[in-house]
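Remarks on the structure that follows.
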Amino acid sequence: MTTQLSTQPFDQAKSEVFAENLLATLNSGALSLMISIGHRTELFDTLADLPPATSPQIAEAAGLNERYVREWLGAMVTGRVVDYNPADKTYRLPAEHAAFLTRAAASDNIAVFAQYIPLLGAVEDQIIDCFYKGGGVPYSAYKRFHAVMAEDSGQSVVSALFDHVLPLVPGLIEDLERGIDVLDVGCGSGRALIRMGQAYPNSRFTGYDFSAEAIAIANAEAQRHHLSNIQFQVQDAAQIEEGDRYDLITTFDAIHDQARPDIVLRNIRQALRPTGIYLMQDIHASTDVGGNLEQGACHLLERKLEQVVEVSTAVG
Ligand SMILES: C[S@@+](CC[C@H](N)C(=O)[O-])C[C@H]1O[C@@H](n2cnc3c(N)ncnc32)[C@H](O)[C@@H]1O
């Protein structure tokens, strides 16, 4: 029986359903942390390759400490991620689950996104400070942000880039093949641009991001791939002062992050040549929370996985 704490009408059944959902949320939160660990330690990949195996066998195959692997397996079993046979104490990752948890699952690997939960948890103190003092928490405070974002980008941006996104603009592929000037704003670690640089050697690519850490990773990757048609620079998108410079400007998952999206979009427009194209891929969410409620349940991750692509042609 739940205690009624106010004089408002009280629906006992509604209250109990809410409490159950709340407890499920707590369990799912804890399970997400464990799924993140399973991804980072490659335990899911190890399990997917093994027949039913004991904890020591799994730990040996993964090259990890058995005591920790056993505890993690316990969480995976009670979380209904891994099957357990008490008769011979063996664990098995069903193929139907491996299809969404392993690196072999490529863009279907949902475990990648579990990493955002610990990443966000690590800045809780700074966020709470902001509730009292205002201000903000810089990207640099989010440990591993660019590493996780690069994995995310591989799945939500690069995987759809050549087959779905670029073909949305009539003639763009042909232009890229012929050779045009391209800028990617908020390029992060540069995964999308590097793939484009490889695919279209006649085009010239520039990536801007205001994170020196991300740009260092992007430049190192470009060098590793011996790409001479690509350059990455530390640049705040709100401070771009270029005119008539690019034939194509892209933003992948970067406009929703902006403190001043109006200024960034104006700068992008100015930097485009008169016949230039601006191509934006971003999260399908509304500024007004009322627009984020359809289908009864709105989760940021669902929205992230359902990113829409918006294409607009710059008008001179
Ligand atoms: C969600 S991440 C997306 C990164 C990349 N486009 C991708 O798909 O992996 C947003 C990126 O925008 C960058 N960013 C945010 N505001 C920026 C600004 N004003 N100028 C330049 N970069 C910015 C961040 O540093 C971060 O790398």
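The values are calculated or read from the model by the stated rules, or taken from the named source; none is laboratory data. This is a predicted model, so every value here is computed, not measured. Please note: Cβ atoms are built from the backbone with ideal geometry, for glycine as well, and neighbour counts cover all protein chains shown. The accessibility values were calculated without ligands, DNA or RNA, using every heavy atom of the protein model including side chains. Shrake-Rupley method; radii C 1.70, N 1.55, O 1.52, S 1.80 Å.
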(request) Out of the residues in the range 220-266 that are within 15 Å of the ligand (Cβ to nearest atom) and acidic (Asp, Glu), state the one that is most open to solvent (accessible area, probe 1.4 Å). (result) Glu241
(message) I'd like to check something: does the range 105-122 contain any residue that is under 30 Å from Asp209 (Cβ atoms), within 17 Å of the chain's Cα centre (by Cα), among the hydroxyl-bearing types (Ser, Thr, Tyr) and within 16 Å of the ligand (Cβ to nearest atom)?
(response) yes
(message) Among the listed residues Ile173, Ile217, identify the single one that is touching a Ser or Thr at 6+ places or on another chain (Cβ under 6 Å) and open to solvent by 10 Å² or more (accessible area, probe 1.4 Å).
(response) Ile217
(request) Go through the residues of the range 141-157 one by one and say whether even a single one is away from the ligand (no atom under 16 Å from the Cβ) and either over 30 Å from Ile58 (Cα atoms) or free of Cβ contacts under 8 Å to residues at least 24 places away in the same chain (or both). (result) no
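Return yes or no: is Ser189 within 12 Å of the ligand (Cβ to nearest atom) and in a loop (DSSP other than H, G, I, E, B)? Before the answer, list the steps.
Values: within 12 Å of the ligand (Cβ to nearest atom): yes; in a loop (DSSP other than H, G, I, E, B): yes.
The answer is yes for Ser189.
Yes/no per residue for (1) in contact with an Asp or Glu (Cβ under 9 Å, 6 or more places away or on another chain); (2) closer than 20 Å to Leu93 by Cα; (3) in a helix (DSSP H, G or I):
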| position | (1), (2), (3) |
| --- | --- |
| Gln8 | no, no, no |
| Glu20 | no, no, yes |
| Thr25 | no, no, yes |
| Ser28 | no, yes, yes |
| Ile37 | no, yes, yes |
| Phe44 | no, yes, yes |
(message) If Gly179 meets every condition in (1) within 16 Å of the ligand (Cβ to nearest atom); (2) closer than 21 Å to Ile249 by Cβ apart from one, which number is that one?
(response) (1)
(request) Report yes if some residue within the range 217-226 is in a helix (DSSP H, G or I), in contact with a strand residue (DSSP E or B) (Cβ under 9 Å, 6 or more places away or on another chain) and more than 17 Å from Ala147 (Cα to Cα); otherwise report no. (result) no
(request) Starting from residues that are in a loop (DSSP other than H, G, I, E, B) and farther than 19 Å from Ala259 by Cα, keep the ones in the range 124-165 and report whichever is most open to solvent (accessible area, probe 1.4 Å). (result) Lys143
(request) Restrict the check to the range 166-182 and report whether at least one residue is within 17 Å of the chain's Cα centre (by Cα), modelled with pLDDT of 95 or more and either part of a loop (DSSP other than H, G, I, E, B) or not aromatic (Phe, Trp, Tyr) (or both). (result) no
(request) From (1) open to solvent by 50 Å² or more (accessible area, probe 1.4 Å); (2) part of a helix (DSSP H, G or I); (3) not polar (S, T, N, Q), pick out the condition that doesn't hold for Asp88. (result) (2)
